[in-house]
1. Out of all Cα-Cα pairs in region A:229-383, roughly what percent, to the nearest whole number, are more than 24 Å apart?
2. What is the log10 of I(q)/I(0) for chain B, computed with the Debye formula using one identical point scatterer on each Cα and no solvent, at q = 0.06, 0.09, 0.10 Å⁻¹?
3. Quick one: 3J(HN,Hα) in Hz for region B:136-151, Karplus 6.51/-1.76/1.60 with θ = phi - 60°, rounded, Gly and Pro as x.
4. To the nearest 100 Å², how much accessible surface do chains B and A hide from each other in total, with a 1.4 Å probe?
5. Could you size up the charge dipole of region A:135-287 around its Cα centre, putting +1 on the beta carbon of Lys and Arg and -1 on that of Asp and Glu, and report it in debye to the nearest 20?
6. Take the Cα radius of gyration of region A:322-398 and divide it by 2.2 N^0.38 Å, with N its residue count; two decimals is plenty.
7. Near B:Gly408, within a Cβ-to-Cβ distance under 14 Å, what is the net charge of the other residues, with Lys and Arg +1 and Asp and Glu -1?
8. I need the phi-derived Karplus couplings for region B:374-390: 6.51 cos²θ - 1.76 cosθ + 1.60, θ = phi - 60°, integer Hz, Gly and Pro marked x.
Number of protein chains: 2
Amino acid sequence: MESAPLYRKLASHYQRAIEVGTLVPGDRMPSVRTLMELHSVSLSTALQACRRMEAEGWLEARPRAGYFVRQPASARSRAALIEEPPAALPDPAQYVGIHARISAIVATGRHPVEVNLAAACGAPELYPTEPLRHAATRALRQHPALFGCPAEPGGHAAFRAVLARHALLSRIAVAPEEILVTHGCTEALNLALRAVAVPGDVIAVESPTYYGLLQILESLGMRALEIPTSPHTGISLEALELAAQTYDNIRAVVVVPNLQNPQGSIMPDEHKARLVQWCEATGVALIEDDCFSALSDDDTPLAAAKSWDRSGNVIHCASLHKIMAPGMRLGWMTAGKWQARVEMLKFSQSRPNEVLTQMTAAEFMASGEFERHLRRLRVRLRHQREWTAETIAAGFPAGTRLSAPRGGVHLWVELPGGIPSEAVFDRALEAGVRVLPGVVFSNSNRFDHCLRINTGIPRSRTLEQGFARLAEVVRRLAG
Amino acid sequence: MESAPLYRKLASHYQRAIEVGTLVPGDRMPSVRTLMELHSVSLSTALQACRRMEAEGWLEARPRAGYFVRQPASARSRAALIEEPPAALPDPAQYVGIHARISAIVATGRHPVEVNLAAACGAPELYPTEPLRHAATRALRQHPALFGCPAEPGGHAAFRAVLARHALLSRIAVAPEEILVTHGCTEALNLALRAVAVPGDVIAVESPTYYGLLQILESLGMRALEIPTSPHTGISLEALELAAQTYDNIRAVVVVPNLQNPQGSIMPDEHKARLVQWCEATGVALIEDDCFSALSDDDTPLAAAKSWDRSGNVIHCASLHKIMAPGMRLGWMTAGKWQARVEMLKFSQSRPNEVLTQMTAAEFMASGEFERHLRRLRVRLRHQREWTAETIAAGFPAGTRLSAPRGGVHLWVELPGGIPSEAVFDRALEAGVRVLPGVVFSNSNRFDHCLRINTGIPRSRTLEQGFARLAEVVRRLAG
C-alpha cells in the first residue's frame with residue numbers, strides 16, 4: 001500500500017491525457033518499462049497504475065501486446081466506478097436465511113413483463129437458433145429411434161468429446177470420460193457441493209454472490225460464509241485466509257473467477273494459481289463456476305482456475321446456457337478426485353441427460369460456426385453493455401456507481417443515498433420492468449442499495465422506454 | 001386364517017378343472033355367489049379362493065364381469081409362485097449402506113452386453129419413436145427460436161395440461177399449475193423426499209424395493225425402514241402400523257402401489273385408501289411412485305393412491321420413461337401441501353426442464369395415438385412376460401419361484417437352495433447377459449437369492465440364447 005498515492009497520481013496523469021485527447025482510443029499506452037523510466041517509479045507502481053486504469057475502463061490489456069486506450073464510454077465520465085470493498089473480516093452471515101426472499105423475487109419471473117432486465121443471459125436473437133434447430137432436425141432424421149433408447153450414462157460420447165476439446169481453450173486438459181453432463185451448471189453446483197460437504201458445513205462464497213448459489217446452500221442445509229470480493233480482481237485471498245483462521249470447518253470455496261456474477265470481476269491469473277494452491281494446502285475443496293468466460297470482450301480465452309489443479313482438488317462446472325443456447329439445459333462438470341462420487345450422485349438425483357440436445361450441441365460446437373458465433377456475440381454484448389452503462393449514467397441520479405466488467409451480460413449498479421433496491425424492484429415491476437435487487441446476492445444487507453442489470457437485450461424503443469421508467473423510479477426514490 | 005385349508009381346497013379343485021380342460025381359457029369362472037352355494041362356503045372363502053387363483057395366474061379379474069380363466073402359461077405349472085412374506089416385524093436395516101454395491105452393479109451398465117435383462121423398460125421398438133420424432137421436427141419448425149428461449153418455470157404449459165387430463169385416468173383431479181415437470185421420476189422422488197424430510201429421518205419403504213430409492217435415501221442421508229411387502233397386495237399395512245409403534249421418527253412412506261418394482265404387486269384399492277388415511281392420521285407423508293400403472297394387462301386404468309387424498313398429504317410422482325419414451329427424461333409430480341416447496345427445490349436443484357421434449361410429448365399425448373400405443377404395448381408386454389416366465393420355468397432348476405404380475409416389464413425370480421444372486425450376476429455378465437441381482441433391492445440380505453428379469457425385450461434368437469446361457473449359469477451354481 002506504500003505506493004498508493006504515487007500510482008494514483010500516475011493513473012490520473014494518463015487519464016487526463018486521454019480526456020484531453022493526447023492519447024486517443026486504440027493508442028498503445030507507454031509500456032511498463034517506459035513508465036518506470038519516464039516517471040522514476042517502481043515496477044509495482046507502474047503496474048498498479050495501469051491495472052487501475054484498466055479496471056476503471058480507460059485502458060484494455062491485449063495479451064502479449066500491452067495496454068491500449070479504450071473507446072471512451074461517456075458513462076465512465078458521468079457515473080463513478082464502484083470502489084474496492086474495505087479489507088475487512090468476512091461477513092459472519094453464516095446462516096443462510098434468504099430463501100423465501102429469493103423465491104418470492106424469482107417467482108415474479110413467472111409473470112411476463114415488458115422489459116426483463118433481471119436475466120443473466122442474452123435475448124433469443126443473440127443465439128444461433130437456426131443452425132441449432134437444423135442440427136436437431138438432422139439428429140432426429142439420423143437417429144430415428146432416439147426417443148426409444150435410454151440415455152448414455154455420464155453423457156453423450158460425441159458431446160463429451162467436444163467439451164473436452166473446448167476445455168483446452170481454458171487450458172484444462174481433460175479426457176471425455178472425465179466430463180459429466182448435467183442439467184445446467186445449477187445441477188453441477190448442487191452435485192459438487194453434495195460431493196464435498198454435508199449439511200452444517202461452512203462454504204466460503206464471494207460477496208456479493210450469485211443468488212442461485214445461496215439458494216442451493218440453504219436448500220442443502222449448508223452455511224454460506226461471505227468473503228469480500230473486489231469488483232476488479234474477484235474474491236479477496238487475504239480475507240479468505242483470515243476466515244480460515246477464524247472458522248475451522250470451511251469445507252469448500254465456490255468462486256466465479258472469470259466475469260463474476262454479479263460484479264463482473266476477473267481474477268488475475270496469479271490469484272487463480274494462489275487460490276488453487278491455498279485450497280490444496282488447506283484441504284478445502286475449490287468449486288469453480290465458469291459459465292461466463294467465453295463472453296469476455298477479449299477473444300483470447302480466459303484461463304480456468306482448474307488449469308492450475310495438480311491434485312484433483314478443483315471441481316470445474318460450466319454450461320452452454322449463456323454462451324450458446326438459453327433454451328438448452330446443458331451443463332457439465334469435471335470433478336477431479338470426486339469424479340466417481342459426482343457420477344453416483346448425478347445418477348441418483350436425475351439419471352443421465354437425454355441425448356437429443358447433447359447431439360445437437362455437439363454437432364454445432366464441432367463446426368467452425370460455434371467460434372464464429374462466440375466472436376459475434378462478444379462484440380454485440382460489449383456494445384449493448386456500453387450503451388446500457390451510458391443510459392444508466394445519463395438517467396440515474398448523481399452518485400450512482402457502476403461496475404466496468406470486461407465481458408459478460410450484466411452490470412452491477414450501486415444506488416446513491418441508500419436507496420433500497422427492493423423498493424426499486426417493486427416499483428419497477430409495477431412499471432413493467434424487472435430488475436434483480438441487490439438483496440438477493442448476499443445474506444447480509446450490504447448490497448441492499450444495489451441492482452444487477454441485464455445487458456443482453458439489443459437496443460430498441462421498448463428497451464429505451466424501459467430504462468427511462470426505471471431511471472424515473474430510482475430518481476423518485478432518491479427524493 | 002381360519003378358512004385357509006378350505007379356500008385352498010376350493011382353489012385346487014378349480015385348478016384341476018382347468019388342468020384337465022373342464023374349464024378352458026376365456027371361460028367365465030363360476031361367480032362367487034355360485035361358489036358359495038355349490039360348495040357351501042362363506043363369501044370370504046369363495047373370494048379368497050378366487051383371489052388366490054388370480055394371484056397364481058389361473059384366473060383374471062375383469063372389472064364388473066367377474067373372474068375368467070387365463071391363457072395357460074406352462075410356466076405356472078412348472079415354476080411355483082412366490083409365497084407371501086411371513087408377517088413379521090419390519091426389518092431393522094435402517095442404516096442404508098449399499099450405495100457402493102449398487103453403484104458397482106449399476107456401473108456395469110456402461111459396458112454394452114449382448115442381452116440386457118437388467119433394465120426396467122421395453123426395447124426401443126416397443127415405443128412410438130416415429131410419431132414422436134415427427135412431432136419433435138414439427139415443434140422445431142413451428143418454434144424456430146426455441147433453443148434461444150429460457151424454459152418455462154414449472155414446465156411447458158401444454159404438457160402440464162395434457163398431464164392433468166392424463167391424471168384423470170388414475171382418478172386424480174389436478175390443475176395443470178399443480179403439476180411440476182421434472183427430470184424423470186427419479187428427480188421427482190428426490191424432490192419429494194427433500195421436501196418432507198431431513199437427513200437422519202426414517203423413511204418407510206417396501207421390501208424388496210426399487211434400488212434407485214435406496215440410493216436416493218442414502219445419498220440424502222435418510223434411513224430406510226423396510227416394511228414386508230406381499231408379491232400380491234403390496235406393502236403390509238399391519239407391518240407398517242407396527243413399525244410406527246416401534247419407531248417414532250418415520251417421516252414418510254414411499255410406495256409403488258401399482259405394479260410394484262420389483263415384485264409387480266398391485267395394492268387392492270381398499271389398501272390404498274387405508275394407507276392414505278393412516279398416513280394422514282399419523283402425520284406421515286405418503287410418496288407415491290406411479291411409473292408402471294399404464295402397463296397393467298387390463299385396459300381399465302388402475303387408481304392412484306393420490307386419488308384418495310383429501311388433505312394434500314400425498315405426493316404423486318410419475319414419468320413417461322417406461323410407458324412412452326425411454327429416451328425422454330420426462331417426469332412430473334403433484335405435491336399437495338408441499339407444492340410450493342418442491343417448486344423451490346426443483347428451481348434450486350436443476351432449473352425448469354427444457355421445452356422441446358415437453359412440446360413433443362404434449363402433442364403425441366394429446367392425440368389418440370397415445371392411447372392406441374398403450375393398448376398395443378400392454379398386449380406385447382404381456383406376451384413377452386408370459387414367454388419369459390415359461391422360458392425361466394423350463395430352464396431354471398427345480399424349486400425356482402416366480403412372481404406373477406398383472407402387468408409391467410419385469411419378473412421377480414427366487415432361486416432355489418440359496419443360490420447367491422451376485423454370483424449369478426457376475427457369471428452371467430461374463431457370458432454376455434446382464435441381470436439385476438436381488439441384493440440391490442434391500443439393505444438386508446433377505447433377497448440375495450433373487451433376480452429381477454426384464455421382460456421388455458421381444459423374443460429373438462439372441463434373447464433365447466441369452467436365457468439359455470443364464471439358465472446354464474444358474475444350474476451350475478445350483479450344484
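The values are calculated or read from the model by the stated rules, or taken from the named source; none is laboratory data. Nothing here was measured: the structure is a model prediction, and the numbers come from that model. Note that we place each Cβ from the backbone using ideal geometry, even for glycine, and neighbour counts take in every protein chain shown. SASA here: full protein model, heavy atoms, side chains in, ligands and nucleic acids out. Shrake-Rupley method; radii C 1.70, N 1.55, O 1.52, S 1.80 Å.
1. Values: 4914 of 11935 pairs.
Tail of P(r) above 24 Å: 41 percent of Cα pairs.
2. Scattering profile of chain B, log10 relative to I(0): -0.27, -0.62, -0.77.
3. For region B:136-151, the Karplus-derived couplings read 5, 4, 5, 4, 5, 6, 6, 10, x, 9, 3, 6, x, 10, x, 5 Hz, x marking Gly and Pro.
4. Summing both sides, the interface buries roughly 4700 Å².
5. Once rounded to the nearest 20, the dipole reads 660 debye.
6. Numbers: Rg = 19.0 Å, N = 77, 2.2 N^0.38 = 11.5 Å.
For region A:322-398, the normalised Cα radius of gyration is 1.65.
7. Charge balance near B:Gly408 sits at +2.
8. Values, residue by residue: 4, 5, 4, 4, 4, 5, 5, 5, 5, 4, 5, 5, 5, 4, 4, 4, 5 Hz.
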